[in-house]
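Q: I'd like to ask some things about the structure below.
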Amino acid sequence: MGKDLYDASSTVKELFSIADSVTGRDLKALLFEGSAEDLKQTENTQVAITLINLAIRRYLNEQGVVSSGAAGFSLGEFSAMVDTGVLTEEQVLPLVIERGEIMARVADTSPALADGCGMAAVIGMSADAVEKTVAGRKDVFPANYNSPVQTVVSGTAAGIEWAKTALKEAGARRVIPLKVSGPFHTPLLDEAKQAFGDYISKLEFLDPKKAFYSNVTGKRVAAGKEAQELSALQIISPVQWVQIQNNIVADGFEACVEAGPGKVLTGLWKNIKSDISCSPTDKKDAIDTLVKELK
């Protein structure tokens, strides 16, 4: 993953060298030679995705494509912080490794999660209806507001099993279980929020130099201190992606680029009524095509 960008760009090569230096790991070997199972391991996933996000950003910048603002979904928010000047590349790579390790440790050791955990995508049901269905539960919560017709719930294994039936009975067209290692973006990870908050309290978060949108609020972040506080809250708070997309539209942006390994967010954008185009950049040839179009 990412080898085509590495081979094509001196600035991406420089980024990989920085990444190896600040993490003490051979990330080039992980990404270019590691198996799918290697990349799925918690200690590898978050740093691998973040490094690819940053590599795409560097390549786009090298080709003259520079953003006027940024937002990232869950883990992607930390790459967006680099793009908006809140954090540096040197800060963010060790940070996402620590974040992944903290979240995995809490998910593995929490008594509340002894019988397992999970997430499920709820299709064809409004967010309000999902909230009403799971209201009052302590084992399942809305976790990702992906689009007007898709909300993800997260919780214990028992909570997800209950929700699958309850949500279908309440009118959901489909409830699709997702393979995950933790009940992400729920109060069940409060211990992880506390530990991660302690870790990032030692880092300096600068004020954004351009528009930067928070997963927790869906709104623009004004100051570095606010970004720091929201970074810890993000672990236990639902991702307000619908609000972020609506605010991007309201703020007058004309085009969005999904700078990461995939096309999921581009697909979600199609459910937002807007004239703004959104293009994925998950492979070098797609990036080069996009650059030509923008120029």
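Q: List the Cys residues of the chain that have no partner Cys with a C-beta closer than 4.7 Å.
A: 117
Q: How tilted is helix 284-294 with respect to the longest principal axis of the chain? Cα atoms for both, answer in degrees (0 to 90, nearest 10).
A: Between the helix axis and the principal axis of the chain, the angle is about 80 degrees.
Q: At a Förster distance of 22 Å, what's the computed FRET efficiency of residue 168 paired with residue 37, Cβ-Cβ distance as r, to 0.05?
A: About 0.10, to the nearest 0.05.
Q: Quick one: dipole size for region 54-120, taken about the Cα centre, charges +1 on Lys/Arg Cβ and -1 on Asp/Glu Cβ, in debye to the nearest 20.
A: 120 debye
Q: Still on this structure, I have one more. Can you find, among 117, 140, 1, the residue farthest towards the positive end of the dipole of the chain? Put +1 on the C-beta of Lys and Arg, -1 on that of Asp and Glu.
A: Working it through, the farthest residue towards the positive pole turns out to be 140.
Q: Quick check: the angle from helix 157-169's long axis to the longest principal axis of the chain, C-alpha only, nearest 10 degrees?
A: The two axes meet at around 70 degrees.
Q: Restricting to Cα atoms and excluding each atom paired with itself, what does the Kirkwood estimate give for the chain in Å?
A: For the chain, inverting the mean 1/r across all distinct Cα pairs yields 19.7 Å.
Q: Could you derive backbone 3J(HN,Hα) for region 258-265 from the dihedral phi with the Karplus parameters 6.51, -1.76 and 1.60 (θ = phi - 60°), listing whole Hz in sequence and x where the residue is Gly or Pro?
A: Couplings: 8, 9, x, x, x, 10, 4, 5 Hz.
Q: So, one more: I need the shape label for region 53-176. Rule: rounded when a/c is under 1.5, else prolate if a/b > b/c, else oblate, with a, b, c from the alpha carbon gyration tensor.
A: Taking the square roots of the gyration eigenvalues as a ≥ b ≥ c, region 53-176 is oblate.
Q: Magnitude of the Cβ-charge dipole of the chain, K/R +1 and D/E -1, about the Cα centre, nearest 20 debye?
A: The dipole of the chain has a size of about 800 debye.
Q: Given points 7 Å out from each Cα along the Cα-Cβ axis, report the residue 219 to residue 132 separation in nanometres with one decimal.
A: It is 2.7 nm.
Q: On to the next question. Using the per-residue mean of other Cβ atoms lying within 10 Å as a proxy for protection, in what order, highest first, do the peptides 225-237, 34-46, 9-21 fall?
A: 225-237, 9-21, 34-46
Q: Here is a further query. Suppose only helical runs count, i.e. DSSP H with n ≥ 4. What mean residue ellipticity at 222 nm does that imply for the chain under -39500 (n - 2.57) per run, divided by all residues and rounded to the nearest 500 deg cm²/dmol?
A: -15500 deg cm²/dmol
Q: Same structure again: Return a whole-number percent for the relative contact order of region 112-178, with Cα pairs under 8 Å and 6 or more residues apart as the contact set.
A: 46 percent
Q: Here is a follow-up. Could you state the principal axis extents of the C-alpha atoms in region 112-178, from the largest down, to the nearest angstrom?
A: 33, 20, 16
Q: What does the charge count near residue 6 come to, summing +1 for each Lys or Arg and -1 for each Asp or Glu among other residues with Cβ under 11 Å from its Cβ?
A: Overall, the nearby charge balance is +2.
Q: Charges at C-beta only: +1 for Lys and Arg, -1 for Asp and Glu. How large is the resulting dipole of region 112-178 about its Cα centre, in Debye rounded to 20?
A: About 140 debye.
Q: Could you sort 74-82, 266-274 so that the peptide with the highest average Cβ count within 10 Å comes first and the rest follow in order?
A: Going from most to least packed, we get 74-82, 266-274.
Q: Which peptide among 197-204, 55-62 comes first, and what is the full order, when sorted by highest mean count of other Cβ atoms within 10 Å?
A: Highest to lowest by the protection proxy: 55-62, 197-204.
Q: Could you work out the relative contact order of the chain, using alpha carbon pairs under 8 angstrom and six or more residues apart, expressed as a whole percent?
A: Normalised by residue count, the contact order of the chain is 18 percent.
Q: Same structure, new question: Can you give the local net charge around residue 105? Use residues other than it whose beta-carbon is closer than 12 angstrom to its beta-carbon, Lys and Arg +1, Asp and Glu -1.
A: Local charge sum for residue 105: -4.
Bear in mind these aren't lab numbers, they're just calculated from the coordinates by the rules spelled out. These figures come from a predicted structure and were not determined experimentally. When we count neighbours, we look across all protein chains shown, and the Cβ atoms used for this are built from the backbone with ideal geometry, even at glycine.
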